[in-house]
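**Student:** The structure under discussion is supplied below as structure tokens; questions concerning it will follow.
The values are calculated or read from the model by the stated rules, or taken from the named source; none is laboratory data. What you see is a predicted model; the values in this text were computed from it and never measured. Cβ atoms come from the backbone with ideal geometry, glycine included; neighbour counts cover every protein chain shown.
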Amino acid sequence: MEKKRERSIPIFNIDEGTTFITILHDGAGFHLFSNEEKYSNLDNLISNLPKGTVITQLNDTLIKRDDIEEE
């Protein structure tokens, strides 16, 4: 017997700015799907995160504290 799982599927209205975020199972990461300029690349994404957000990993690369520029 095959188990069925519910899944979230992002569908974008490309005529409007749209962002869809799913939090990973452990709460430590997320997937972000967007057609908004503020999330168009990693620099834009990082600059739009709330002040005090700690980044520990981008994709499969661990980030060391020394690698992050302080403002």
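**Student:** Could you grab me the full set of residues in the stretch 34-67 that are among the charged types (D, E, K, R) and within 20 Å of G17 (Cα to Cα)?
**Tutor:** Taking the stretch 34-67 as the starting set, the residues that turn out to be among the charged types (D, E, K, R) are 36-38, 43, 51, 60, 64-67.
Hits for the stretch 34-67 are E36, E37, K38, D43.
**Student:** Please go through the stretch 21-46 and give me each residue that is part of a strand (DSSP E or B) and either among the aromatic types (F, W, Y) or in contact with a Lys or Arg (Cβ under 6 Å, 6 or more places away or on another chain) (or both), ordered by number.
**Tutor:** Correct list: F30, F33.
**Student:** I'd like the full set of residues that are assigned to a loop (DSSP other than H, G, I, E, B) and at negative phi, limited to the stretch 52-68. Full working, then the answer.
**Tutor:** At the first step, the residues of the stretch 52-68 found to be assigned to a loop (DSSP other than H, G, I, E, B) are 52-56, 59-60, 63-64, 68.
Selection gives T53, V54, I55, T56, D60, I63, K64, I68.
**Student:** Then there's this: Considering only the stretch 23-38, how many residues are surrounded by 10 or more Cβ atoms within 10 Å (Cβ to Cβ) and either of a type outside the set (D, E) or at pLDDT below 85 (or both)?
**Tutor:** Adding up the residues that qualify gives 8.
**Student:** Still on this structure, please answer the following. Please find, within the stretch 4-15, the residue that is nearest to the chain's Cα centre (by Cα) out of those that are exposed (fewer than 10 other Cβ atoms within 10 Å of the Cβ) and either closer than 28 Å to L62 by Cβ or at pLDDT 85 or above (or both).
**Tutor:** Restricting to residues being exposed (fewer than 10 other Cβ atoms within 10 Å of the Cβ) and either closer than 28 Å to L62 by Cβ or at pLDDT 85 or above (or both), the top hit is S8.
**Student:** Take L49 and tell me if it is modelled with pLDDT of 85 or more, part of a loop (DSSP other than H, G, I, E, B) and surrounded by 10 or more Cβ atoms within 10 Å (Cβ to Cβ).
**Tutor:** Yes: the conditions hold for L49.
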